[in-house]
Amino acid sequence: MAEKIIGRHSEKALLEKYYNSGKAEFIAMYGRRRIGKTFLIREYFRNQFSFDMTGVLEGNKNEQMTAFHMALKTYGYKGRKNNTWLDAFFALRQLLEEKLQDGKRCVIFIDELPCLDTPRAGFVHALGHFWNSWANWQSQIMLIVCGSATSWMVRNIIDDHGGLHDRVTHEMPLHPFTLAETEEYFQENGFRWKRLSLLQVYMAVGGVPYYMSLFLPEESPAIGLDRLFFSENAELQKEYRRLFYSLFRNAQPYQDIISVLAKKSSGMTREEISKALNVDNNGKLGDMLTDLIYCDFIRKYNVRDKKIKTNSALYQLVDFYTIFYNTFASKNSTEEHYWSRNATSSEIKSWYGLAYERVCQAHLPQIKQALGIASVKTEHYSWKSKTLTDGAQIDIIIDRADNTINLCEVKYCDHEYQLDKDEFFKINHRVEAFEEETQTKSTILPTMITTFGLAKGMYSDQIIVKLTMDDLFGK
């Protein structure tokens with residue numbers, strides 16, 4: 001199985017485990033549009049399903065029922081079209097009862113499941129009845145449901161309080177590729193880009209396989225970004241609106257949150273977001289923020305004073321594509337060579353620095369591996385000084401259970417980074433301020449994460465812990 005699938009090693013291992021479990025399995029896979037959910041399932045099982053169907057995007061109840069009936073007919077069902085979901089799932093049961101007789105695993109795949117839940121159709125209740133009354137008791141059944149509308153999948157399937165309560169045996173969120181998977185993808189597709197080029201592309205589109213598939217091996221990353229974001233009818237210019245409307249039934253409030261967060265790279269509290277949007281800081285806002293976390297658009301993280309302040313957490317935009325779109329593409333959509341002409345500008349150089357920090361935040365497991373602490377329990381948070389006049393901030397702090405703290409300084413450069421006297425003393429002052437303000441008893445290890453390492457100099461050897469871009473490409 002699965003020779004064509006690049007990356008997704010842990011997901012493939014889980015699918016194999018569940019396939020061979022010897023019991024009924026109900027698996028809910030979710031993740032943002034274009035992340036590769038359908039490709040993974042279809043390629044892994046090589047389309048060898050006992051039944052599969054795909055919901056009709058924006059279809060009404062009749063269209064969904066027709067699509068379900070056509071899928072039943074494809075797999076040999078001879079009955080008439082059903083008018084209710086209870087009847088439709090009973091027809092599926094009748095179809096599968098024949099297939100179960102050969103003793104083999106029956107894999108059922110329903111893609112774009114949220115589309116089937118049209119108003120007053122009773123779809124979720126019927127699915128719950130199908131599982132509870134019959135499928136759950138058939139050890140050969142493996143039901144896989146999939147959907148891009150992540151918040152719907154979580155609320156109506158995984159966290160359902162009705163008939164599907166605690167019925168999903170496994171949830172499988174599908175996240176963007178890591179840098180290692182990104183490198184594997186481009187190499188398999190004939191690209192000869194070096195790691196700095198891969199990093200720059202990752203900063204713009206993140207680890208979304210479909211977005212990567214739009215680049216051409218004969219192009220440089222800069223020319224590819226011009227074509228995809230800034231040319232006439234640029235494909236990733238048009239993608240932005242489609243992305244949100246595929247994920248959320250009422251997309252505009254989510255876009256408004258993203259637009260606000262895009263203006264403050266360090267993040268905002270919930271109260272700050274509510275004020276910026278002029279909306280109530282209530283459960284509805286909290287639900288929308290949770291939805292955006294599930295979709296990998298934002299993260300929620302804590303800031304430390306003397307203790308970690310969990311009651312004033314920050315929400316930070318971390319999705320690379322939406323950041324790039326809001327920072328550059330939405331403002332320069334008529335300048336078709338914007339990126340290649342401005343690649344060395346101070347604005348883009350500054351953006352590279354912030355983007356590299358986000359890449360590091362997205363690869364904390366790889367950083368821990370490089371530090372030799374993969375098995376050590378850690379907490380991650382940020383800190384901003386209240387005493388230093390420059391308001392010094394450290395965005396990546398790894399607080400370890402072995403009474404050690406890595407304070408990570410991230411520096412992006414297209415060559416070896418030259419650590420000068422001023423920067424070295426800034427780092428020392430931040431360490432001293434952190435120790436003083438937090439009253440920590442742990443050992444502090446200043447840690448520099450650069451692209452190509454530190455250039456040999458008077459201060460380079462004073463930094464004990466040094467990581468490079470290559471460490472982020474760890475498996």
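The values are calculated or read from the model by the stated rules, or taken from the named source; none is laboratory data. Just so we're clear, the structure is a prediction, and the values are computed from it rather than from any experiment. Neighbour counts are summed over all protein chains in view; Cβ atoms, including those assigned to glycine, are modelled from backbone coordinates with ideal geometry.
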Okay, helices (runs of 4 or more DSSP H) sitting entirely in segment 363-475 with 2 or more residues that are farther than 30 Å from Glu181 by Cβ and touching a residue at least 40 places away in the same chain (Cβ under 8 Å), I get 421-438
Could you check Ser274 against (1) within 18 Å of the chain's Cα centre (by Cα); (2) over 30 Å from Ser231 (Cβ atoms) and say which number it fails? (1)
With (1) modelled with pLDDT under 95; (2) over 29 Å from Thr290 (Cα atoms) as the list, and His9 as the residue in question, which single condition is left unmet? (2)
Do the conditions hold for Gln255, that is, is it among the polar types (S, T, N, Q) and touching a Pro at 6+ places or on another chain (Cβ under 7 Å)? no
Restricting to segment 194-237, count the residues that are hydrophobic (A, V, I, L, M, F, W, C) and closer than 17 Å to Phe177 by Cα. 11
What about Ala126, is it assigned by TED's automatic domain parsing to the domain that holds Arg34, aliphatic (A, V, I, L, M), closer than 29 Å to Cys295 by Cβ and crowded, with 16+ Cβ neighbours inside 10 Å? yes
Given the conditions (1) on the phi < 0 side of the Ramachandran plot; (2) at pLDDT below 95, every one holds for Gln369 apart from (2)
Matching residues in segment 1-43 - criterion: being in a loop (DSSP other than H, G, I, E, B), over 14 Å from Ile144 (Cα atoms) and among the aliphatic types (A, V, I, L, M): Met1, Ala2, Ile5, Ile6, Ile35
Going by what's in this entry, would Phe49 be described as crowded, with 16+ Cβ neighbours inside 10 Å and in a loop (DSSP other than H, G, I, E, B)? yes
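Checking the conditions here, which among Ser231, Ser213, Ser246 is surrounded by fewer than 21 Cβ atoms within 10 Å (Cβ to Cβ) and at pLDDT 95 or above?
Numbers: Ser231 fails: at pLDDT 95 or above; Ser246 fails: at pLDDT 95 or above.
Of the residues listed, the single one that is surrounded by fewer than 21 Cβ atoms within 10 Å (Cβ to Cβ) and at pLDDT 95 or above is Ser213.
Of all residues in segment 383-400, which are buried (at least 19 other Cβ atoms within 10 Å of the Cβ) and either out of contact with any helix residue (DSSP H, G or I) (no Cβ under 8 Å at 6 or more places or on another chain) or not acidic (Asp, Glu) (or both)?
Of everything in segment 383-400, those that are buried (at least 19 other Cβ atoms within 10 Å of the Cβ) and either out of contact with any helix residue (DSSP H, G or I) (no Cβ under 8 Å at 6 or more places or on another chain) or not acidic (Asp, Glu) (or both) turn out to be Trp383, Ile394, Ile396, Ile397, Ile398, Asp399.
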Pro176 vs (1) in a loop (DSSP other than H, G, I, E, B); (2) surrounded by fewer than 19 Cβ atoms within 10 Å (Cβ to Cβ); (3) not charged (D, E, K, R): all pass except (2)
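Can you pull out the residues in segment 257-308 that are among the small types (Gly, Ala, Ser), surrounded by fewer than 20 Cβ atoms within 10 Å (Cβ to Cβ) and under 26 Å from Tyr356 (Cβ atoms)? Break it down into steps so the answer makes sense when it comes.
Restricting attention to segment 257-308, the residues satisfying the condition of being among the small types (Gly, Ala, Ser) are 259, 262, 265-267, 274, 276, 283, 286.
Next cut, surrounded by fewer than 20 Cβ atoms within 10 Å (Cβ to Cβ) only: 259, 262, 265-266, 274, 276, 283, 286.
Ser259, Ala262, Ser265, Ser266 - these are the residues of segment 257-308 that are among the small types (Gly, Ala, Ser), surrounded by fewer than 20 Cβ atoms within 10 Å (Cβ to Cβ) and under 26 Å from Tyr356 (Cβ atoms).
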Restricting the search to segment 338-352, which residues are exposed (fewer than 13 other Cβ atoms within 10 Å of the Cβ) and assigned to a helix (DSSP H, G or I)? Ser346, Glu347, Ser350
Out of segment 57-66, which residues are surrounded by 14 or more Cβ atoms within 10 Å (Cβ to Cβ) and at pLDDT below 95? Gly59
Working carefully through the options Ala71, Ala24, Ala28, Ala67, find the one that is in contact (Cβ under 8 Å) with a residue 40 or more places away in the chain, farther than 24 Å from Pro209 by Cβ and hydrophobic (A, V, I, L, M, F, W, C). Ala24
Taking the residues in segment 88-119 that are of a type in the set (Lys, Arg) and touching a residue at least 40 places away in the same chain (Cβ under 8 Å) as candidates, determine which candidate is nearest to Glu43 (Cα to Cα). Arg105
Just give me the residues in segment 110-141 being in contact with a Leu (Cβ under 9 Å, 6 or more places away or on another chain) and assigned to a strand (DSSP E or B), in sequence order. Ile110, Ile141
